[in-house]
Amino acid sequence: MSALATSVFDMPSYVQSSYVGLILTQLEVSLGATLAGLAIALPIGQFCSRLPRLYPPTLGLVTLIYSIPSIALFVLLIDYTGESETTVFIPLTLYTLAILVPGVVDGIRSVPRDVLDAADGMGYGRARRYLAVELPIALPTLMAAVRVAAVSSLSLMSIGATIGNYGGIGDLFLLGLRFFDNRLIWVGLITLLVLSVLCDIALRLVQRLLTPWARSLRSIG
Amino acid sequence: MITFENVSKRYPDGTEAVAGLSLEAPDAAITVLVGPSGCGKTTTLRMTNRLVEPSGGRILVDGADIRERPVAQLRRGIGYVIQHAGLFPHRTVAENIATVPRLLGKDRRAARKRSLELMELVGLETVLADRYPHQLSGGQQQRVGVARALAADPAILLMDEPFSAVDPIVRKSLQEQFLQIQAEVGKTILFVTHDIDEAIRIGDRIAVLREGGHLAQFAAPRELLEKPADAFVEQFLGLDRGVRRLTFISSNGLNLRTDALVKRGVEPEAGQLELPWLLLVDEAGAPLGWIEPRRPGAAPIPIGHPFRAKDDSLRAALDAAVLCPTGWAVGVDEAGRAVGVVSQEEIAAAIREAHRASLEAV
Ligand SMILES: Nc1ncnc2c1ncn2[C@@H]1O[C@H](COP(=O)(O)OP(=O)(O)O)[C@@H](O)[C@H]1O
Ligand SMILES: [Mg+2]
């Protein structure tokens, strides 16, 4: 068994990284991009739910960004950031916005009007209300978007292989193609699938821990 | 005491929600704002905790303009209850109730202890403390809302149609319990409702508002029923205003006749045979039903419901008489023993007498 495992997951020398190394890069860049996207989407979403008129144009913009082919973004960025993880990281981050900004806005909109009213009436300040009331109640909707964004980043990252070895597991696809090694392609594909599923499960767990109240809500509703 | 001095509110879209309202809500009393939908009740209430800023006039609490205090501090000192409770779905019942004490810096354990006390006060079993709001019935949620508003022991309570979203039976019990709680805590309460029955049942003072945010009348419930200020108030009070008014007149003055009572198994006396109806009572004195002396052997006619001879109002006595096919009402004591009976005609005479007395009092 261990001999088999070694032979299947041993990387040929042209891969220039161990199997585990590829997985770590993969997770680091795609989950990092999701987190960065969340950090950007939270204030944008908050802004849009305060000023609802700005939401349609903002949504249009993030969707437009999503429609830019990643190759085009790489080419544009490579002059500034070179052949580096950053060049992959930035487009991935921008892509997550198309999922996370609506996720934040829908989440904040899911907070019932009378709950906000009660919070104001009891003397919550703006910031405290946001952190203690709006964000927790938005969390189930928000986390659903984060899960989609994370899994989509995991998959989208593969294209980073085109600018050197920055596609994480995705490197295996390009190298497999170039060196006529189907084994690499299969290993890459299955690894990516397993990572996506594990990542989704992990995020679901986080969500459950963060929103114990929503669990009983689901079981009743 | 909450004082409204010529307060008005015009919303940015031009809606005149409240116009020149002057009103004084006395301490330790329930002042009800009542009126048709859209007449500015909610706006008035929300100006009191500055969720809405007036466009004119001043609001004073105990003589001090509410704008003098920082708004968060003002709000933490005023309990606020709304129609659908507005409970935090992500917090347990105990945590919801502890909201304002926690905002005021009370530690978790002390706040929880206070929550449990309040749950008892509002009639919630403390086993519900760790449930989430959606696991409670509408009536229970409303109780949590009231408990949450009382948690930091504010002097003032603002309540916006707190019992409107629950069914009539639950509403009645919430109202009754609310009055008991108020007897205990003695808050200065502004209570909004569109239901005139609720206003009369609950209010110490009632402010009737009309469309456009004008104050039509401000009076105690009885005065409102007796002397509506104008046609609008009269119409708003409805067609049974006259009967409802009897709620405020004691049945104490009724002359109950005792000669119509006959014990089970005892033969009526000669004089009793002249009466149209006799009330059959059991050995302990509890009423069993009406019998006709001329038709011995016929089944007794049910009495409907009795009224409490000393405590109930003329309205209860009249209702008891109207309800019974014989046209007689049965007065009972605390133990449910019949103390006497009275006819519709005698109740009518008592009502006329009460009218005359109130006319002379003016
Ligand atoms: N935020 C608002 N902007 C504009 N008009 C409003 C606003 N809130 C209430 N109104 C209007 O003000 C009037 C009074 O409303 P409200 O105080 O809610 O009445 P009530 O509570 O008696 O039903 C209504 O005509 C309502 O449509
Ligand atoms: Mg209202």
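Can you pull the mean other chain C-beta count within 10 Å for peptide B:148-159?
Numbers: counts 2, 3, 0, 1, 2, 0, 0, 0, 0, 0, 1, 0.
Average per residue, whole number: 1.
What ranking do A:113-122, B:57-66 get when scored by the average of other Cβ atoms within 10 Å per residue, highest first?
Numbers: A:113-122: 20.5, B:57-66: 14.5.
So the order, starting with the most tightly packed, is A:113-122, B:57-66.
Among the lysines of chain B, pairs that are 8 or more positions apart or on different chains and have alpha carbons within less than 27 Å of each other number 12. Only Cα pairs under 8 Å and 6+ residues apart enter the sum, and on that basis the relative contact order of chain B stands at 16 percent. Between residue A:54 and residue A:185, the modelled label-to-label distance comes to 4.7 nm, taking each label 7 Å out from Cα in the direction of the beta carbon.
Let me confirm one metric for peptide B:43-50, namely the mean number of other chain beta-carbon atoms within 10 Å of its residues' beta-carbons. Let's see the in-between values first.
On the way: counts 0, 0, 1, 3, 0, 0, 4, 2.
Across B:43-50, the average partner-chain Cβ count within 10 Å equals 1.
Quick one: in region B:261-354, what % of C-alpha pairs are over 15 Å apart? Provide the component values of the computation, followed by the final result.
On the way: 2552 of 4371 pairs.
Considering region B:261-354, 58 percent of its Cα-Cα pairs are separated by more than 15 Å.
The eigenvalues of the Cα gyration tensor, multiplied by 5 and square-rooted, give region A:1-64 an equivalent ellipsoid with semi-axes of 44, 11, 9 Å from largest to smallest.
I'd like the FRET efficiency for residue B:255 and residue B:222, computed as 1/(1 + (r/R0)^6) with the beta carbon distance as r and R0 of 22 Å, rounded to 0.05.
Numbers: r = 24 Å, r/R0 = 1.07.
With R0 = 22 Å, the Cβ-Cβ based efficiency is 0.40.
With a cut-off of 17 Å on the backbone N, the residues of region A:81-124 near the modelled label site 7 Å out from residue B:11 along Cα-Cβ are A:113-114, A:117.
What helices does chain B hold that run 24 Å or longer along their axis, going by alpha-carbon atoms, with a Kyte-Doolittle average of -1.0 or more, using DSSP H for the helix calls?
Those that pass (Cα extent of 24 Å or more, hydropathy at least -1.0) are B:168-185, B:344-361.
Summing charges over all other residues whose Cβ lies under 10 Å from the Cβ of residue B:310, with Lys and Arg as +1 and Asp and Glu as -1, gives -3.
Over the whole of A:209-215, what's the average partner chain Cβ count within 10 Å per residue? Rounded to a whole number, please. Spell out each step's value before the answer.
Details: counts 0, 1, 2, 3, 11, 4, 1.
Rounded to a whole number, the mean comes out at 3.
Could you tell me what % of all Cα pairs in chain B have separations over 28 Å? Roughly 56 percent, once rounded to a whole number.
For chain B, which span is the longest to avoid every loop-located (per DSSP) member of GluC sites (Glu not before Pro) having at most 15 other Cβ atoms inside 10 Å? It would help to have the intermediate numbers written out before the result.
Working: sites that count: B:125, B:211, B:269, B:283, B:334.
In short, B:1-124.
Sorted largest first, the spans of the alpha carbon positions of region A:72-208 along the three principal axes are 67, 34, 16 Å. Based on Cα contacts under 8 Å between residues 6+ apart, region A:2-212 shows a relative contact order of 25 percent.
No lab work stands behind these numbers, since they all come straight from the coordinates. Everything numeric in this text was worked out from a predicted model, so none of it was measured. So basically every Cβ, Gly included, is an ideal-geometry build from the backbone, and we count neighbours across all protein chains shown.
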